[in-house]
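See structure below.
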Amino acid sequence: MSQDSQPAFRRILLKLSGEALMGQQSYGVDPDVLAQVAEEVSELSRMGVEVGIVIGGGNIFRGAGLAQGGMDRVTGDHMGMLATVINALALQDAIERAGRFSRVMSAIRINQVCEDYIRRRAVRHLEKGRIVVFAAGTGNPFFTTDSAASLRAIEINADIMIKATKVDGVYDADPMTTKDARRYERLTFDDALEQRLGVMDTTALVMCRDNGLPIRVMNMFAKGDLQRLVMGEAVGTLVEGARNE
């Protein structure tokens, strides 16, 4: 990269699943994966990009899953929110070990371990170059961390939301099981909704569509792809409004 190169985006929101932190493990957090993610986002921060992150908790606990087994859904979702706080604290620690300042902001009050989410304070942290990790989803049951990511991205006026997955974009079939699955270079929000392609949940997609927030779906574990994406390269799949909008 030349010294004259400038990032294509001033402020991003990165959506990470909790499962991504497991690596090859069946549960919990893989320290090597955590360190890799922290180094990737820290490098973006060094480039002057303002980075917000929403992380799930599926590597520890999935409220919807236990609700199917009979647990009260609200209780299960609250437990899932706490799992995201655990992941957020682990990521904050890894980011700070990588040499950048970070703040965890929670949608539920848990003041002894992290800050409450306050939009203006979050924006101020970003402006000061701190990497902000948003925990506890929206703070409400029945909403996924996809919806939380869309909400936070819109609230902080992010230029783009990046959904980091284990595959390099959106396919018309599961590329892990379908040999000739086709990857989309670009989709409209309506395409993704109508074809039920599993980009994000419906609420999250509609929020992004209605607020003109583009989404890039990419493989977090393809080394260097996150930086290439932020520099403006066509990495993964772009989900945006119709061309005539």
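The values are calculated or read from the model by the stated rules, or taken from the named source; none is laboratory data. Predicted model only: the values in this text are computed from it and were never measured. Please note: Cβ atoms are built from the backbone with ideal geometry, for glycine as well, and neighbour counts cover all protein chains shown.
Just one of (1) more than 24 Å from Arg11 (Cβ to Cβ); (2) crowded, with 17+ Cβ neighbours inside 10 Å; (3) among the hydroxyl-bearing types (Ser, Thr, Tyr) fails for Thr84. It is (1). Quick one: would you say Arg73 is more than 20 Å from Ala222 (Cα to Cα) and either aromatic (Phe, Trp, Tyr) or at pLDDT 95 or above (or both)? Answer is no for this residue. Looking only at residues in the range 213-243 that are farther than 19 Å from Val49 by Cα and of a type in the set (Gly, Ala, Ser), the one that is modelled with the lowest pLDDT is Ala242. Here Ala83 clears all of (1) of a type outside the set (D, E, K, R); (2) in a loop (DSSP other than H, G, I, E, B); (3) touching a residue at least 12 places away in the same chain (Cβ under 8 Å) except the condition numbered (2).
Within the range 29-80, the set of residues being polar (S, T, N, Q) and either out of contact with any helix residue (DSSP H, G or I) (no Cβ under 6 Å at 6 or more places or on another chain) or touching a residue at least 60 places away in the same chain (Cβ under 8 Å) (or both) comprises Gln36, Ser42, Ser45, Gln68, Thr75.
Cβ-Cβ distances below 7 Å connect the following pairs, each with a first residue in the range 5-20 that is under 18 Å from Ala153 (Cα atoms), a second residue that is charged (D, E, K, R) and surrounded by 20 or more Cβ atoms within 10 Å (Cβ to Cβ), and a separation of six or more residues or different chains: Arg10/Glu50; Arg11/Glu50; Leu13/Arg152; Lys15/Asp146; Lys15/Lys163.
Taking the listed residues Ala181, Ala149, the one that is part of a loop (DSSP other than H, G, I, E, B), among the small types (Gly, Ala, Ser) and either under 30 Å from Ile118 (Cα atoms) or touching an Asp or Glu at 6+ places or on another chain (Cβ under 9 Å) (or both) is Ala181, with no other qualifying. Does the range 19-38 include one or more residues that are loosely packed, with under 15 Cβ neighbours inside 10 Å and closer than 29 Å to Arg121 by Cβ? Checking the range 19-38: at least one residue is loosely packed, with under 15 Cβ neighbours inside 10 Å and closer than 29 Å to Arg121 by Cβ.
Those residues that are of a type in the set (A, V, I, L, M, F, W, C), more than 17 Å from Ser17 (Cβ to Cβ) and either surrounded by fewer than 16 Cβ atoms within 10 Å (Cβ to Cβ) or out of contact with any helix residue (DSSP H, G or I) (no Cβ under 9 Å at 6 or more places or on another chain) (or both), I need them from the range 175-192; list them, please.
Scanning the range 175-192 gives a single hit, Ala181.
Of Gly198, Gly236, Gly169, Gly241, all but one fail to be more than 25 Å from Glu43 (Cβ to Cβ) and within 16 Å of the chain's Cα centre (by Cα); the exception is Gly198. Restricting to the range 107-146, name every residue that is surrounded by 14 or more Cβ atoms within 10 Å (Cβ to Cβ) and among the aliphatic types (A, V, I, L, M). Ala107, Ile108, Ile110, Ala122, Val123, Leu126, Ile131, Val132, Val133, Ala135, Ala136 - these are the residues of the range 107-146 that are surrounded by 14 or more Cβ atoms within 10 Å (Cβ to Cβ) and among the aliphatic types (A, V, I, L, M). Taken over the range 12-29, the residue count meeting the criterion of being assigned to a loop (DSSP other than H, G, I, E, B) and within 14 Å of Ala88 (Cα to Cα) is 3.
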